[in-house]
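S.K.: What follows is a single structure, and I will ask about it in a moment.
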Amino acid sequence: MEPSLDPAVEQESAMDHSVDEISAANDLIAAFAATYPFPLDDFQRRAMIELSVGNSVLVAAPTGTGKTVIAEFAIWQAMRTGKRVFYTAPLKALSNQKFRDFRARYGVAEVGLMTGDIVENAHAPIVVMTTEIYRNVLLELERVDHPAAGTDFAGTVATVDHGKKHLDTQLSNVACVIFDELHYMADPQRGPVWEECIIHSPPQVGFVGLSATVHNARDLVEWMSQVHGPTKLIFHPDRAVPLEDYFFFDNTLHLVRNAAGERVQRFPHIGGERKLARHMYYDDEGVTPKVREAPTPAEVLVAMRGQELLPCLYFLPGRKAVEDAALNASSIRMTTVEEQRAIADEVREWLAALPQEDRDLDQVQTLAALLPRGIAFHHAGLLPSLKMLVEMLFARGSLLAVFATDTLAMGVNMPARSVIMGSLSKFDGIEMRLLTPNEYQQLTGRAGRRGMDEHGAAIILYSPWDAFEPSFKELTKALLPVKSAFSMRYNSVLNLWRPNEFERLREIGAKSFLEYQRRLRRKQKPRYALKGGKGKKSKQARVEEIYSGEGVELGISVEHELLATATVLRTLGYIGDDDHLTQKGRLLRAIFHPAGVILTEMMLSNALDGLTSGELAEVVSWFVYDSDKPIWSQDTLTDRLRVARRAAKALGDKVRRLEMQQTMPLSPAINEHFMGIASGWAQGISLAGIRQRISLAEGDLLMVLNQTIDLLRQLESAASQILDDPALWTPEAAPELSWMERRAMRQRLDRQRVAMRLAARQLLHGTVAQSRTLPFRAAGLPTPPVEELVELTPPTEGES
């Protein structure tokens, strides 16, 4: 018999629900629990009770505590009633992993997958997808003029009436949407996606939010309840495997804090001596502190092995640091002769799938030599196939140490016995700074394997640059709250646009978590802070000012962004004088890219005319490289590409001037040194050959080429959405265009649609083609023929 809930849990649930509701919920939970070989935890049961009575839940708990079991209950509950469930994840790797897990549990026919690489069984009862895909279809459903499903995924929520397909704007057959890693809402670039999903989902669609523990989880729940429906917080602060904190100092592991959270040893005035010496610091006796050398990775691993704390993840900032550390550790024999042979055989078999010219790449040769020793490195500059190989070998237990950048902690689930902090600092794009408590928890959350380890271990290494005690104090402070990154840019505004209903956009903006937090701050402090007793508003007070129109109250920042965005759209002709979207506006609303306005301007001018498919791919690639990090390139552009480059710069400058006039965020500019990757690849130059002409790693080159294919497909799809709808080409639908202008635009977009597809296909060969089959292999799916890979790619934005 299933154990009953803890009495305190029963009492807490009974406060909100009737005896009959609790009884019915317990019956459901017992039937579900019978399918598992282990008992459910109380926090899981609390969540299931809320889901059983029709509430949404936000589950805030550390990594590895079993949050996914709650999501599986929501799936089980929906499938009992013939409903569908969407499981959204922020990363493709996580989506692939969940798809593979769910197929094993529910069966092949019951689970579909949609990422930037795969469309598989999209009509299935359970569909795993990146969060951007769900957001995009929600925005499409908001359009006033959609006669039918415009994208593949939108077609999966379509109904058929009298033989004609219509979008089901209420998603009436979807019972629940699961948001994995909901704390991504704080991400400056991608955070708004989560807010838009919550705001625009139909009210009858339930939510299961899965999040790391965050400081303001109650605020998130209150906001979700206000904008969507009743939502309950399920807070579980305890780790599945308790964590012990260690300090590696003088070649010895010292226990700093035990698994009960109690301090055991302290290390005042240890660490940071080199920084103090640089500033001529003297202690009480008038001498500078002794500067010790930082431990080498080999020394650390020897000590870890002696304490039986392997396998480990060893985090360092920067790719070079990661690779150098792995090479240093390679002097240690971590595997037996038999294990070395077995790993070497598997590595040879895996690398045989690489194109011949890529097998001689430095990173391939280096990693192939390290892996049999039980050591690897992992960072974003690696070829995708190598990253997948490392992840697979580590998950299997063949590797004892993986040196990685912090991107690994945000990727697939790779728990270890220990996590080593090779540095407590990271570069945030502006400066080197200490890790935040949230980042430290994210990294150390990988320490401890449930069912295998009694304790996990987090090891901080001695550093002559960081004093231990003040650093440890900062890292273990209370977690930082999730701060909204909400923004409504061109694409969102155009998809939500209703003629003469600007107030509706303001109402949507008022529903954002950003506005909720602003209102919360106003409740917690006086409306205006005074300076100098003269009644002047402080800077903070000015930020807190509000715009009160006839309708909703809106913060000045959101109000300004909406007005500024609409002004730019009107000025550039995306919204007509009659307040309806123009044909340009309909094209742009289907382009989910930060540089969408500039790309649309290029498509509708003569900037792309006369380009070959390889040259078109080159132009589009300029917009996928979004780093302003200095790079060098020895490539040169053809005459036609130089003309296109000047046009791209001129159109970008035009858009950014308007944005500056409106004091709004600027559309991204092209990196002036970035060129030659897509055109070189289209001409058949090898990855190694391109690598010699530009200062980017092999993994970065593949990322650029794959994202270029995705953006080409997205632009092709945007053109198709308006080209394939005759109703959008009538004089009434496009009054801003004359008959001749409509004809010219249609012909131009039709040519570009064909050219975009040809350009994508021209990039699809060699390592690029092979890399696009990896998600199928990771998800356990048959690998499709290369010629089908472009057609299988959904036109959507997403993470890289």
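S.K.: Within region 318-383, considering only helices (runs of 4 or more DSSP H) that don't extend past its boundaries, which have at least 3 residues that are under 29 Å from the mean Cα position of the chain (by Cα) and modelled with pLDDT of 90 or more?
M.R.: Passing ranges, in order: 319-329, 362-370.
S.K.: Further question on the same structure: Might you check whether a residue that is more than 30 Å from Val137 (Cβ to Cβ), modelled with pLDDT of 90 or more and either aliphatic (A, V, I, L, M) or open to solvent by 40 Å² or more (accessible area, probe 1.4 Å) (or both) occurs anywhere in region 497-520? So that I can check it myself, show each step before the final result.
M.R.: From region 497-520, those more than 30 Å from Val137 (Cβ to Cβ) are 520; that's our starting set.
Right, trim to modelled with pLDDT of 90 or more and you get 520.
Now narrow it down to the ones that are either aliphatic (A, V, I, L, M) or open to solvent by 40 Å² or more (accessible area, probe 1.4 Å) (or both): 520.
Within region 497-520, one or more residues are more than 30 Å from Val137 (Cβ to Cβ), modelled with pLDDT of 90 or more and either aliphatic (A, V, I, L, M) or open to solvent by 40 Å² or more (accessible area, probe 1.4 Å) (or both).
S.K.: Could you count how many residues in region 708-725 are within 17 Å of Glu140 (Cα to Cα), acidic (Asp, Glu) and assigned to a helix (DSSP H, G or I)?
M.R.: Total meeting the criteria: 1.
S.K.: For Pro726, indicate whether it is surrounded by fewer than 16 Cβ atoms within 10 Å (Cβ to Cβ), under 23 Å from Glu132 (Cβ atoms) and not hydroxyl-bearing (Ser, Thr, Tyr). So that I can check it myself, show each step before the final result.
M.R.: Working: surrounded by fewer than 16 Cβ atoms within 10 Å (Cβ to Cβ): yes; under 23 Å from Glu132 (Cβ atoms): no; not hydroxyl-bearing (Ser, Thr, Tyr): yes.
Criteria not met by Pro726.
S.K.: Find all pairs meeting these conditions: Cβ atoms under 6 angstrom apart; at least six residues apart or on different chains; first residue within region 29-50 and among the acidic types (Asp, Glu); second residue open to solvent by 10 Å² or more (accessible area, probe 1.4 Å) and not in a helix (DSSP H, G or I).
M.R.: Asp42/Asp6; Glu50/Lys232
Yes or no, residue by residue, for (1) in contact with an Asp or Glu (Cβ under 6 Å, 6 or more places away or on another chain); (2) assigned to a strand (DSSP E or B); (3) open to solvent by less than 10 Å² (accessible area, probe 1.4 Å):
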position	(1), (2), (3)
Ile420	no, yes, yes
Ile430	no, no, no
Arg433	no, yes, no
Ile460	no, yes, yes
Pro481	no, no, no
Phe486	yes, no, no
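S.K.: Could you pull out the residue among Leu316, Leu354, Leu367 that is under 30 Å from Met432 (Cα atoms) and open to solvent by less than 10 Å² (accessible area, probe 1.4 Å)?
M.R.: Unique residue meeting the criteria: Leu367.
S.K.: Answer with yes or no whether Arg100 is out of contact with any Ser or Thr (no Cβ under 9 Å at 6 or more places or on another chain) and in contact (Cβ under 8 Å) with a residue 40 or more places away in the chain. Don't jump to the end; show me each part of the working.
M.R.: Numbers: out of contact with any Ser or Thr (no Cβ under 9 Å at 6 or more places or on another chain): yes; in contact (Cβ under 8 Å) with a residue 40 or more places away in the chain: yes.
Yes, satisfied.
S.K.: So, in region 232-276, exactly how many residues are out of contact with any Lys or Arg (no Cβ under 9 Å at 6 or more places or on another chain), open to solvent by less than 10 Å² (accessible area, probe 1.4 Å) and not small (Gly, Ala, Ser)?
M.R.: The number of residues fulfilling the criteria is 2.
S.K.: Being open to solvent by 20 Å² or more (accessible area, probe 1.4 Å), over 14 Å from Glu716 (Cβ atoms) and of a type in the set (A, V, I, L, M, F, W, C) is the filter here, so list the residues in region 591-622 that pass it.
M.R.: Result: Leu604, Leu611.
S.K.: Now a separate question. Could you please find all residues in region 255-272 being touching a residue at least 40 places away in the same chain (Cβ under 8 Å) and either in contact with a Pro (Cβ under 9 Å, 6 or more places away or on another chain) or among the β-branched types (Val, Ile, Thr) (or both)?
M.R.: Scanning region 255-272 gives Val256, Ala259, His269, Ile270, Gly271, Gly272.
S.K.: Please enumerate the residues belonging to region 658-703 that are among the small types (Gly, Ala, Ser), surrounded by fewer than 16 Cβ atoms within 10 Å (Cβ to Cβ) and closer than 22 Å to Gly381 by Cβ.
M.R.: Result: Ala688, Gly689, Ser695.
S.K.: Then there is this: Which of (1) at pLDDT 90 or above; (2) out of contact with any strand residue (DSSP E or B) (no Cβ under 8 Å at 6 or more places or on another chain); (3) in a helix (DSSP H, G or I) does Ala277 not meet, given it meets every other one?
M.R.: So the condition that Ala277 fails would be (1).
S.K.: Mind checking which residues of region 50-70 are over 21 Å from Ser23 (Cα atoms) and either open to solvent by less than 30 Å² (accessible area, probe 1.4 Å) or in a helix (DSSP H, G or I) (or both)?
M.R.: From region 50-70, those over 21 Å from Ser23 (Cα atoms) are 58-68; that's our starting set.
Residues satisfying the conditions are Leu58, Val59, Ala60, Ala61, Pro62, Thr65, Gly66, Lys67, Thr68.
S.K.: For a quick check of your reading of the model, give me the residue pairs whose first member lies in region 627-656 and is closer than 22 Å to Gly596 by Cα, whose second is aromatic (Phe, Trp, Tyr), with beta-carbon atoms closer than 7 Å and at least 6 apart or on different chains.
M.R.: If the second residue must be aromatic (Phe, Trp, Tyr), the pairs left are Ala648/Trp622.
S.K.: Among what's in region 435-458 and is assigned to a loop (DSSP other than H, G, I, E, B) and either of a type in the set (Lys, Arg) or touching a strand residue (DSSP E or B) at 6+ places or on another chain (Cβ under 7 Å) (or both), pick the residue that is surrounded by the fewest Cβ atoms within 10 Å (Cβ to Cβ).
M.R.: Filtering region 435-458 for residues that are assigned to a loop (DSSP other than H, G, I, E, B) and either of a type in the set (Lys, Arg) or touching a strand residue (DSSP E or B) at 6+ places or on another chain (Cβ under 7 Å) (or both), the one surrounded by the fewest Cβ atoms within 10 Å (Cβ to Cβ) comes out as Arg450.
S.K.: Do we find a residue being over 36 Å from the mean Cα position of the chain (by Cα), of a type in the set (Gly, Ala, Ser) and at negative phi anywhere in region 763-773?
M.R.: No, the conditions are met nowhere in region 763-773.
S.K.: Looking at Val128, Val119, which is the one that is of a type in the set (Val, Ile, Thr), open to solvent by 10 Å² or more (accessible area, probe 1.4 Å) and either over 30 Å from Leu494 (Cβ atoms) or in contact (Cβ under 8 Å) with a residue 40 or more places away in the chain (or both)?
M.R.: Result of the check over Val128, Val119: Val119.
S.K.: Collect the residues in region 567-589 that are open to solvent by 10 Å² or more (accessible area, probe 1.4 Å) and of a type outside the set (Lys, Arg), keeping them in residue-number order.
M.R.: Thr567, Thr571, Leu572, Gly573, Gly576, Asp577, Asp578, Asp579, His580, Leu581
S.K.: Further question: For region 89-112, how many residues meet the condition of being out of contact with any Leu (no Cβ under 8 Å at 6 or more places or on another chain), under 9 Å from Met129 (Cα atoms) and open to solvent by less than 10 Å² (accessible area, probe 1.4 Å)?
M.R.: Matching residues across region 89-112 total 3.
S.K.: Tally the residues that are open to solvent by 20 Å² or more (accessible area, probe 1.4 Å) and under 23 Å from Leu310 (Cα atoms), restricting the search to region 462-474.
M.R.: In the first step, residues of region 462-474 are kept if they are open to solvent by 20 Å² or more (accessible area, probe 1.4 Å); the result is 463, 465-467, 469-470, 473-474.
This time we only want the ones that are under 23 Å from Leu310 (Cα atoms), so: 463.
Summing the residues that are open to solvent by 20 Å² or more (accessible area, probe 1.4 Å) and under 23 Å from Leu310 (Cα atoms) in region 462-474 gives 1.
S.K.: Surrounded by fewer than 20 Cβ atoms within 10 Å (Cβ to Cβ), under 24 Å from Leu514 (Cβ atoms) and not charged (D, E, K, R): which single residue out of Ser211, Ser225 fits that description? Working first, answer last.
M.R.: Working: Ser211 fails: surrounded by fewer than 20 Cβ atoms within 10 Å (Cβ to Cβ).
Result: Ser225 is the single residue among Ser211, Ser225 that is surrounded by fewer than 20 Cβ atoms within 10 Å (Cβ to Cβ), under 24 Å from Leu514 (Cβ atoms) and not charged (D, E, K, R).
S.K.: Regarding region 729-747, can at least one residue be identified that is within 27 Å of Asp117 (Cβ to Cβ), in contact (Cβ under 8 Å) with a residue 24 or more places away in the chain and in a helix (DSSP H, G or I)?
M.R.: No, there is no match, as no residue in region 729-747 is within 27 Å of Asp117 (Cβ to Cβ), in contact (Cβ under 8 Å) with a residue 24 or more places away in the chain and in a helix (DSSP H, G or I).
S.K.: Sticking with this one: Just to be sure I understand the filter: pairs with C-beta atoms under 7 Å, separated by 6 or more residues or on different chains, first member in region 81-95 and under 30 Å from Ser385 (Cβ atoms), second member small (Gly, Ala, Ser) and surrounded by fewer than 23 Cβ atoms within 10 Å (Cβ to Cβ). Which pairs pass?
M.R.: Matching pairs, first to second residue: Leu91/Gly411; Ala93/Gly411.
S.K.: Here's something else I'd like to know. Looking only at strands (runs of 3 or more DSSP E) that lie completely in region 205-257, which have at least 1 residues being of a type in the set (Gly, Ala, Ser)? Don't jump to the end; show me each part of the working.
M.R.: Working: elements: 206-211, 231-235, 243-249, 252-257.
So the answer is 206-211.
S.K.: From the list Ala186, Ala154, Ala175, Ala148, pick out the single residue that is at pLDDT below 70 and in contact with a Lys or Arg (Cβ under 7 Å, 6 or more places away or on another chain).
M.R.: Details: Ala186 fails: at pLDDT below 70; Ala154 fails: in contact with a Lys or Arg (Cβ under 7 Å, 6 or more places away or on another chain); Ala175 fails: at pLDDT below 70.
Every option except Ala148 fails the conditions.
S.K.: Can you confirm whether region 666-678 contains a residue that is without any contact (Cβ under 8 Å) to a residue 12 or more places away in the chain and of a type in the set (A, V, I, L, M, F, W, C)?
M.R.: Checked against the condition, which is being without any contact (Cβ under 8 Å) to a residue 12 or more places away in the chain and of a type in the set (A, V, I, L, M, F, W, C), region 666-678 yields at least one hit.
The values are calculated or read from the model by the stated rules, or taken from the named source; none is laboratory data. For clarity, every value in this text was computed on a predicted model and none was experimentally measured. Note that we place each Cβ from the backbone using ideal geometry, even for glycine, and neighbour counts take in every protein chain shown. Each accessible area value is taken on the protein alone, full model and side chains, heavy atoms only, with ligands, DNA and RNA left out. Shrake-Rupley method; radii C 1.70, N 1.55, O 1.52, S 1.80 Å.
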